Amino acid sequence: MIPDLFNIENKVVIITGGLGQLGRQFTRGLVLYGANVIILDILPSNNNYYLHLTDELGSSHLDYYQVDITNKESIDIVSKNIIRKWDCPSGLINTAAIDAPPNASLENAGPLELYSEAAWDKMLEVNVKGTFLCCQIFGSEMAKKNRGSIINISSIYGMVSPDQRIYQYRRKKGEQFYKPVAYSVSKSAIYNLTRYLATYWGEQNVRVNTITFGGVFNNQDKEFLQEYCIRVPLGRMASENEYTGAIVFLLSDASSYMTGSNMIIDGGWTAW
Ligand SMILES: NC(=O)c1ccc[n+]([C@@H]2O[C@H](COP(=O)([O-])OP(=O)(O)OC[C@H]3O[C@@H](n4cnc5c(N)ncnc54)[C@H](O)[C@@H]3O)[C@@H](O)[C@H]2O)c1
């Protein structure tokens, strides 16, 4: 019989930032594949995103915990509750992160010379420390069970520098937007956090991999889309459902010999 290599049925999978644009999409995909998805997010539990997800997917394979991933004590409490209710997770997808929104202030997304210490600290705290804490707490539990798959999410802007010329059209209008340095630095840190943990937990069969995403379509303005898409060999941004296949692959036995690696899904952005 041919084994179902991509089977993730009944696996308990944690998605941090599960109420974000991509986290919601991963949740839909994984529940449809039969996994039990536990969302951790900083938003209150009565938020509309979660209510819509339960309407759409039912609540038998879905759970939600409001937690700030920069607070170790809170994650510890949540971890104990999850293990008591669902069993030790076998998957962790670290999706939670912050970035500067298009309307961010000068201190958060202006010229490098004006970038504030507070913005730097916050970005690294959530994107690096928060990811580390979730790996530390859930990964340690997985290691005790001798199994698990952790997926850390990075970005093309952690692999290569953002091309600030994309935002030239805004600067011509008098706005001063630059993709912030701390976002790039925080996303670069993910690669070696992944490699460190992959080697540390290799003998306990906890696999740790990074996926590097390119930009996802989210109704961005026309000029941005034009500037972004000419830099992508495939000529477009990703649709939000184009990353779920890679997530299923990395959670399943289809990737059983894969750890410490970086899967790049970027429409070819980093190929030239
Ligand atoms: N969307 C893109 O174009 C894109 C491109 C490349 C990489 N990525 C990466 O993909 C991941 C998901 O991106 P997205 O677009 O879905 O982001 P998003 O902003 O839509 O979602 C992020 C989620 O994380 C949550 N969050 C933020 N801080 C938190 C904290 N301290 N504790 C717990 N939860 C917290 C937010 O509430 C939100 O639900 C991020 O790591 C991002 O860097 C996104």
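Give, rounded to the nearest 20 debye, the magnitude of the charge dipole that segment 1-125 has about its Cα centre when Lys and Arg contribute +1 at Cβ and Asp and Glu contribute -1 at Cβ.
Working: 8 positive and 16 negative charges, 96 e Å.
With Lys and Arg at +1 and Asp and Glu at -1, about 460 debye.
Apply the membrane-span-like helix rule to the chain: whole DSSP H runs, Cα extent along the own long axis of at least 24 Å, mean Kyte-Doolittle hydropathy at least 0.0. List the helices found.
Within the chain the helices that satisfy the rule are 181-200.
Which number comes out as Rg/Rh for the chain once both Rg and the Kirkwood Rh are worked out on C-alpha atoms? List each step's numbers first, then the result.
Numbers: Rg = 18.6 Å, Rh = 19.2 Å.
Rounded to two decimals, Rg/Rh equals 0.97.
Under 5 Å between amide H atoms, partner at least 5 residues away or on a different chain: which partners does Lys11 have, H built in plane at 1.01 Å?
Here Asn36 satisfy the definition.
Counting only protein heavy atoms and a 1.4 Å probe, tell me what percentage of the chain's accessible area is made up of carbon and sulfur.
Values: 6980 of 13300 Å².
Summing carbon and sulfur atoms, their accessible area is 52 percent of the total for the chain.
Name the lysines eligible as straight-distance cross-link partners of Lys222: C-alpha to C-alpha under 22 Å, and not fewer than 8 places from it in the same chain.
Lys172, Lys173, Lys179
Would you mind computing Rg(Cα) / (2.2 N^0.38 Å) for segment 31-83, counting N as its residues? Don't skip to the end; give the middle numbers.
On the way: Rg = 11.7 Å, N = 53, 2.2 N^0.38 = 9.9 Å.
Scaled against compact globular proteins, the figure is 1.18.
Please state the charge dipole magnitude for segment 127-272, taken about the Cα centre, from unit charges on C-beta atoms (+1 on K and R, -1 on D and E), reported in debye and rounded to the nearest 20.
On the way: 16 positive and 11 negative charges, 72 e Å.
Its charge dipole is roughly 340 debye.
Would you calculate, for the chain, the mean residue ellipticity at 222 nm contributed by helices, counting each DSSP H stretch of 4 or more residues as -39,500 (n - 2.57) and dividing by all residues, to the nearest 500?
Working: 11 runs with 109 residues, N = 272.
The helix contribution divided over the chain gives -11500 deg cm²/dmol.
Among Ile8, Gly158, Tyr169, pick out the residue whose Cα is farthest towards the positive end of the charge dipole of the chain, where Lys and Arg carry +1 and Asp and Glu carry -1 on C-beta, about the Cα centre.
Projecting each Cα onto the dipole axis, the largest value belongs to Gly158.
Mind checking segment 214-247 for trypsin sites (Lys or Arg not before Pro) that DSSP puts in a loop (not H, G, I, E or B) and that have at most 14 other Cβ atoms within 10 Å?
On the way: sites: Lys222, Arg231, Arg236; in loops: Arg231, Arg236.
The qualifying sites are Arg236.
Which one of Asn94, Ile39, Ala182 has its Cα pushed farthest toward the positive end of the charge dipole of the chain, where Lys and Arg give +1 and Asp and Glu give -1 at the Cβ?
Toward the positive end, the furthest listed residue is Ala182.
Using 0.36 nm per residue of separation minus the Cα-Cα distance, give me the extension gain between Glu56 and Gln176 in nm, one decimal. Before the final figure, lay out each step's value.
On the way: separation 120, 0.36 × 120 = 43.20 nm, distance 4.05 nm.
Extra length from Glu56 to Gln176 when fully extended: 39.1 nm.
Among Leu133, Ser105, Ala119, pick out the residue whose Cα is farthest towards the positive end of the charge dipole of segment 101-147, where Lys and Arg carry +1 and Asp and Glu carry -1 on C-beta, about the Cα centre.
Farthest along the dipole direction, towards plus: Leu133.
Counting heavy atoms of the protein chains only and a 1.4 Å probe, report the per residue accessible area for the chain as a whole number of Å².
On the way: 13300 Å² over 272 residues.
Normalised by residue count, the accessible surface of the chain is 49 Å².
Treating each Cα of segment 181-272 as an identical point scatterer and ignoring solvent, apply the Debye formula and state log10 I(q)/I(0) at q = 0.16, 0.21, 0.23 Å⁻¹.
Results for segment 181-272 at q = 0.16, 0.21, 0.23 Å⁻¹ read -0.77, -1.09, -1.19.
About its Cα centre, how strong a charge dipole does the chain have in debye, to the nearest 20, once Lys and Arg get +1 and Asp and Glu get -1 at the Cβ? Walk me through the numbers before you get to the answer.
Details: 24 positive and 27 negative charges, 63 e Å.
Approximately 300 debye in magnitude.
The values are calculated or read from the model by the stated rules, or taken from the named source; none is laboratory data. Bear in mind the structure is a predicted one, so any value in this text is a computation, not a measurement. Because the Cβ atoms are built from the backbone with ideal geometry, glycine has one as well, and the counts that use them run over all protein chains shown. Keep in mind that these areas ignore ligands, DNA and RNA; they rest on the heavy atoms of the full protein, side chains included. Shrake-Rupley method; radii C 1.70, N 1.55, O 1.52, S 1.80 Å.
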